[in-house]
1. At 37 °C and 0.692 mPa s, grab the translational diffusion coefficient of region 48-187 from Stokes-Einstein with a Kirkwood Rh over Cα pairs, rounded to a whole number in µm² per second.
2. Kindly provide the helix-only [θ] at 222 nm of the chain, computed as the sum of -39,500 (n - 2.57) over DSSP H runs of four or more divided by all residues, to the nearest 500 deg cm²/dmol?
3. Give me the percent relative contact order of the chain, please, defined on Cα pairs under 8 angstrom at least 6 residues apart.
4. Please compute the length gained on full extension between Arg47 and Lys184, using 0.36 nm multiplied by the number of residues separating them and subtracting their Cα-Cα distance.
5. In square nanometres and to one decimal, what's the mean projected area of the convex hull around the Cα atoms of region 5-90?
6. Please give every one of the aspartates and glutamates within straight-line cross-link reach of Lys164, meaning a C-alpha to C-alpha distance under 13 Å, and leave out same-chain neighbours fewer than 8 residues apart.
Amino acid sequence: MTHNSDASLWHGTTIVTVRKGNSVVVAGDGQVSLSNTVIKSNARKVRPLGKGDVIAGFAGATADAMTLFERLEAKLEQYPNQLTRACVELAKDWRTDRYLRRLEAMMIVADRETSLVLTGTGDVLEPENGIIAIGSGGNYALAAARALADSDMDAEQIAKRAMKIAADICVFTNENVTVEKLDKTDA
């Protein structure tokens, strides 16, 4: 099998980021599937990076995502307190490096001020309205979070509810959710 066909057997995840009030939350499910079989239900796809002032979540091949996490941490050390600059530099490397451009993953990263999506095509995108989602259930979580954004719910409540809705719809998303949160007042 080729690299691409191997990757096509690995399905799904859902990662959502919600920025509301003084908080940003990144939430992700724990399901890892191979074809139509659940291989693991409690994977941790969302984690703090650096000194804990950045949260990252990934969708895609796990080993590829771990490589990208390591590379992003190195860029954050090189460009401290400059999340956008670190992400742009990682995206450049990801797109142009012969090894990195074979990696099949997407990432959401957030600090207290900025939320971004990074892709292997060199995209570094900032969401509208502070909400973004990726993965097989990403569109479901995105729609749910947008619908809840004007409610009295806080960022964490919205993210958890959006993940529950995505898990109810997407067979490659489960309800074993990891949530990481940063508050502006924690700085």
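Rule-based calculations on the coordinates, nothing more; no lab input. These figures come from a predicted structure and were not determined experimentally.
1. Working: Rh = 15.6 Å.
In µm²/s, the coefficient is 210.
2. Numbers: 5 runs with 64 residues, N = 187.
After summing the helix terms and dividing by the residues of the chain, the value is -11000 deg cm²/dmol.
3. Working: 424 pairs, mean separation 59.8, N = 187.
Rounded, it is 32 percent for the chain.
4. Details: separation 137, 0.36 × 137 = 49.32 nm, distance 1.79 nm.
Extending this stretch completely gives an extra 47.5 nm.
5. Values: hull surface 25.8 nm².
If I average the Cα hull's projected area over directions, I get 6.5 nm².
6. Once the sequence-local aspartates and glutamates are set aside, what remains near Lys164 is Asp29, Glu156, Glu175.
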